[in-house]
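The values are calculated or read from the model by the stated rules, or taken from the named source; none is laboratory data. Nothing here was measured: the structure is a model prediction, and the numbers come from that model. Neighbour counts run over all protein chains shown; Cβ positions are idealised from the backbone, glycine included.
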Amino acid sequence: MLFSVFIGCSSRTEKKKKEISVARENYYQEKYRPQYHFSPEFGWMNDPNGMVYYQGEYHLFYQYYPDSTVWGPMHWGHAVSTDLVHWEHLPIALYPDSIGYIFSGSAVVDWKNTSGFGTSENPPLVAVFTYHNMELEKKGRNDTENQGIAYSTDKGRTWIKYKGNPVLLNPGIKDFRDPKVFWNESTRHWNLILSAHDQVKLYSSPNLKDWEYESSFGADAGAHGGVWECPDLFPLKMEGTDQHKWVMIVNINPGGPNGGSGTQYFVGDFDGHQFTPVSKDINWLDWGHDNYAGVTWSDIPEKDGRRLFIGWMSNWNYAQVVPTTIWRSAMTIPREITLKQENGNYKVQLNPVKELLKLRMPNTEINITDLSVSNTKLIRTVPLRLACSEIIIQFQAEDKLSGEFGLILSNRQNELLRIGYSDTDNKLFVDREKAGSNEFSPKFEGLATAPYNIEKYVKFHIYIDVSSIEIFVDNGELVMSETYFMSSEVNKLHIFSDGGNIKAKNVIVRELKSIW
Ligand code: FRU
């Protein structure tokens, strides 16, 4: 049976309605379709936008072009969830207009109705985004990107663009975009951070409409292999203390840790005007190829207290040519960000949100307490849907190793994905070189590595989906997110060590439920 999804007027120039047919019985069952990650029903998706929590709903907006599976005139697509796991698709929230395409940005609850768009009984949701004007770009102008706002007084179901847009004008900087807004309780004003070519700029406002420049940061800090995009800034409590520090996220493309897009962060202090980093060194939030443009949710209730993050699980090096069918791209699983201090160094950790426990299927668990592996590869066939599963495994080196150990996920065609640790150069790795299709782009690189020191143990918590893998090492000390495109689903799990004796301990493999 077929049913049709009608795409409304997605832009002024594209008035014609377009029909895309989706086989109902195959809904979210296409080849490579993620089973528990968010992906759009059809069309092109990039960055997550406007994440905000309001009245029991987590909103997820996203850069969206419904008329094609490659990037085009940007809209804000929209979905909501009550548990961060199951998502309901909602109509497009923001369409491009005469001022420009709707690029990335954020949303907040204006609790005190400082904008006047709602009332104090019914505070408005206010979205702050970048208008990107293609006409000006074609003329070679630098001021193509300006910031606009829109509001909703019906729980984000409909959005009205502010008549006075744009509200924050470009001072003549080519890349001037991706505003992230937050209320600053200590100064009792709004702050806005946006990217300005290879640094960030900070602004303040009493009402989300009138913005005043405060300061810039980053010209002499962090990585500079590409343009800075999609920044974020928020306070985070240091684990085990009552003190907090401010964490600044800065996405960068290209120039990521394994090529192409990547996400760096800084830890420091922020007084509502200026950000002062503890260190200007480079820190990567995720070492894989496929976690970009991620920022955090606004307005998570205090009694929850978490800082929740989601990223776009792709990389500008190849995002537009990956071999998916009616849609392109997915988001990462939602993650909780925490901060710890170790010998004067601050470290941000990412871990899967606890809500994902809901996905565990009853009676589909494989549990192995102790498995000795020496040199030879030990192969286990797993009687569950490995392509939609979670693996927790701890490796213990029996003696000094001199080689690699880890896991291999493979399929009927013997395509394989290797995840492990190399003791010779002290690096964690994910190797997708032989994991199926990669001919679509020479930039779809096989190997991602990350420097890491292991004393005796290392623990991997792995989320496998049909075309992605996310590895959380030692409870979030290091994370790697990778996409892969195999001819058929992975159905075999191998554990290997080619440089000495290791023990795989407390191995748990669990099938996860599909959310679609
Ligand atoms: C990041 C980005 C943003 C921009 C958006 C356009 O992936 O380039 O800087 O706002 O995508 O779609």
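Answer yes if at least one residue in the stretch 4-15 is assigned to a strand (DSSP E or B), at pLDDT below 95 and in contact with a Pro (Cβ under 7 Å, 6 or more places away or on another chain), and no otherwise.
Looking for residues that are assigned to a strand (DSSP E or B), at pLDDT below 95 and in contact with a Pro (Cβ under 7 Å, 6 or more places away or on another chain), one finds at least one in the stretch 4-15, hence yes.
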statement: Log entry, pairs with first residue in the stretch 452-476 being closer than 15 Å to GLN396 by Cα, second being in a loop (DSSP other than H, G, I, E, B), beta carbons closer than 6 Å, six or more apart or on different chains, reads ASN453/ASN426; LYS459/ASP474
- request: Taking the options THR324, THR332, name whichever one is more than 16 Å from the ligand (Cβ to nearest atom) and in contact with a strand residue (DSSP E or B) (Cβ under 9 Å, 6 or more places away or on another chain).
  value: THR324
query: GLY344 fails exactly one of the following numbered conditions: (1) over 24 Å from the mean Cα position of the chain (by Cα); (2) over 30 Å from THR241 (Cβ atoms). What is the number of that condition?
result: (2)
message: Given (1) more than 20 Å from TYR346 (Cβ to Cβ); (2) crowded, with 19+ Cβ neighbours inside 10 Å; (3) of a type in the set (D, E, K, R), identify the lone condition not met by GLU212.
response: (2)
message: I'd like to check something: does the stretch 340-354 contain any residue that is of a type in the set (Lys, Arg), closer than 26 Å to TYR54 by Cα and surrounded by fewer than 14 Cβ atoms within 10 Å (Cβ to Cβ)?
response: yes
query: Given the stretch 212-304, what strands (runs of 3 or more DSSP E) lie entirely inside it while holding 3 or more residues that are more than 28 Å from PHE429 (Cβ to Cβ)?
result: 212-217, 227-237, 244-253, 262-270, 275-277
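Tally up the residues in the stretch 274-321 that are of a type in the set (A, V, I, L, M), within 26 Å of ASP220 (Cα to Cα) and away from the ligand (no atom under 16 Å from the Cβ), please.
Residues in the stretch 274-321 being of a type in the set (A, V, I, L, M), within 26 Å of ASP220 (Cα to Cα) and away from the ligand (no atom under 16 Å from the Cβ): 2 in total.
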- prompt: Can you name every residue in the stretch 259-273 that is crowded, with 21+ Cβ neighbours inside 10 Å, more than 15 Å from TYR346 (Cα to Cα) and away from the ligand (no atom under 16 Å from the Cβ)?
  reply: PHE270
task: Give me the pairs, please: first residue somewhere in the stretch 309-337 and in a loop (DSSP other than H, G, I, E, B), second residue anywhere and within 14 Å of the ligand (Cβ to nearest atom) and of a type in the set (D, E, K, R), beta-carbon distance under 7 Å, and either six or more positions apart or on two chains.
output: MET313/ASP290; SER314/ASP290; ASN315/ASP290; VAL322/ARG328
task: May I ask you to list the residues in the stretch 101-125 that are within 27 Å of the chain's Cα centre (by Cα), in a loop (DSSP other than H, G, I, E, B) and without any contact (Cβ under 8 Å) to a residue 60 or more places away in the chain?
output: PRO124
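Can you go through GLY172, GLY164 and tell me which one is within 20 Å of VAL108 (Cβ to Cβ), out of contact with any Ser or Thr (no Cβ under 6 Å at 6 or more places or on another chain) and not charged (D, E, K, R)?
GLY164
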- line: Of VAL70, VAL52, VAL80, the only residue that is at pLDDT 95 or above, within 16 Å of the ligand (Cβ to nearest atom) and either surrounded by fewer than 24 Cβ atoms within 10 Å (Cβ to Cβ) or farther than 21 Å from THR158 by Cβ (or both) is VAL70
- prompt: Looking at (1) within 19 Å of the chain's Cα centre (by Cα); (2) assigned to a strand (DSSP E or B); (3) more than 12 Å from the ligand (Cβ to nearest atom); (4) surrounded by 20 or more Cβ atoms within 10 Å (Cβ to Cβ), which is the one condition that is false for HIS89?
  reply: (4)
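Looking only at the stretch 23-37, decide whether some residue is at pLDDT below 95, among the aliphatic types (A, V, I, L, M) and either in contact with a Phe, Trp or Tyr (Cβ under 7 Å, 6 or more places away or on another chain) or surrounded by fewer than 19 Cβ atoms within 10 Å (Cβ to Cβ) (or both).
For the stretch 23-37, residues at pLDDT below 95, among the aliphatic types (A, V, I, L, M) and either in contact with a Phe, Trp or Tyr (Cβ under 7 Å, 6 or more places away or on another chain) or surrounded by fewer than 19 Cβ atoms within 10 Å (Cβ to Cβ) (or both): present.
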